[in-house]
1. With each label point set 7 Å from Cα along the Cα-Cβ vector, what nm distance links H162 and E217?
2. Starting from the Cα of L124, step 7 Å along the direction of its Cβ; do the same at R210; then give the gap between the two resulting points in nm.
3. Tell me, what ³J(HN,Hα) does each residue in the stretch 267-275 have, in order and in whole Hz, if you take phi through Karplus 6.51 cos²θ - 1.76 cosθ + 1.60 with θ = phi - 60° and put x for Gly and Pro?
4. With no other cysteine's Cβ closer than 4.7 Å, which Cys residues of the chain count as lacking a disulfide-compatible partner?
5. Under a cut-off of 30 Å between alpha-carbon atoms, report the lysines in cross-link reach of K173, not counting same-chain residues fewer than 8 places apart.
6. Return one number: the angle in degrees, 0 to 90 and rounded to the nearest 10, between the long axis of the Cα atoms of helix 141-151 and the longest principal axis of the Cα atoms of the chain.
7. Answer with one residue from V108, A153, I83: the one whose Cα lies farthest towards the positive end of the charge dipole of the stretch 61-210, charges on Cβ with Lys, Arg +1 and Asp, Glu -1.
8. Sort 266-272, 202-208, 184-190 for me by packing, meaning the mean count of neighbouring Cβ atoms within 10 Å per residue, highest on top.
Amino acid sequence: MRVALVFDKVREDTLGVHFERACRMLGVPYAHFWTREAGAIPRGFELYLRIDHGDYRDDLPDWARPRIFYASDTHLPKSWKRISAVAKRYDLVCCAQRDGAQRLRNGVWVPHACQAELHGKRPLPKRWDVAFVGTEGGVPRKFYLQALRERYADSFIGHAPHTELGAIYSQAKIGFNYSIRDDVNMRMFEILCSGTLLLTNGLAHDDLARLGLREGEHLVTYRRPRELFELLDYYRDHDQEREAIARRGMERVVQEHTYVHRLQQILSLANERLGVCWSFAGPAAGVTREARQRIDTGARQL
């Protein structure tokens, strides 16, 4: 099969680039098109896959079928308004957030993931107590980050090139996360992939558990500022316990939650629901049956 990947490659860390690389790893022939080229995409592709990059102005021509849209930000009100309008023109909409998939007639849950070669563990010493790479966002995340700067001087909190994520998190004892609007975000998978303990805010749903990522076994959660700092102090000082949880979390995401797995799920959905036949020859052919069932569970429960 041949896949038309439609997204704007404005940065090398944009979501579409991860799927582009997954195509190469799976041995799936593809061609990349910018959204401004959507009207001139040639016929003959077995699947037209548009990847969310935050711009919904241009769209595929009516004849381009079957088509799937991967939507990243359904949890953000402004993005949701535009995604829900675009969704009507697609056969399937794969949503990074389960809530977004539930709200769409043609929605399927396909979460974010990690790229092992980019985000994976590096053989580097632990030099920081806490690491957080990203924007400060609004309240309360920016207050959490400021408190972390004040309480844990030996920390990395700020921006960094995407090529340095694996190295930064690998050098931290704990990777901090605060999810906006209860989203299962990219940072969770990136920290877990680095072999560093993920400490994230507790979510109002059980989506992490649905993905096989369990509290105390693969990651640790906090619900209040006081609990956050208590957990930070505890796991900073208890190396063996911290590293055991971090190792299990890393093993789980590498085995089940990479972008290769996500592309495999999307292609399976295209086969089951849209009649697109495909095969692959890449390393994901070795994914265990248990892992595949867990990956597909979200789609079948909607």
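1. According to this spin-label approximation, the distance is 3.2 nm.
2. 3.4
3. So the Karplus estimates, Gly and Pro as x, are 5, 5, 5, 4, 6, 6, 9, 10, x Hz.
4. By the Cβ distance rule, which asks for a partner under 4.7 Å, the isolated cysteines are C23, C94, C95, C277.
5. Reachable lysines: K121, K126, K142.
6. Roughly 30 degrees between the two axes.
7. Selected residue: I83.
8. Numbers: 266-272: 18.9, 202-208: 14.1, 184-190: 24.0.
Listed from highest to lowest mean packing, they are 184-190, 266-272, 202-208.
Every number in this text was worked out from the coordinates using simple rules, so none of it is lab data. What you are looking at is a predicted structure, and each value in this text was computed from that prediction instead of being measured. Cβ: placed from backbone, ideal geometry, glycine included. Neighbour counts: every protein chain shown.
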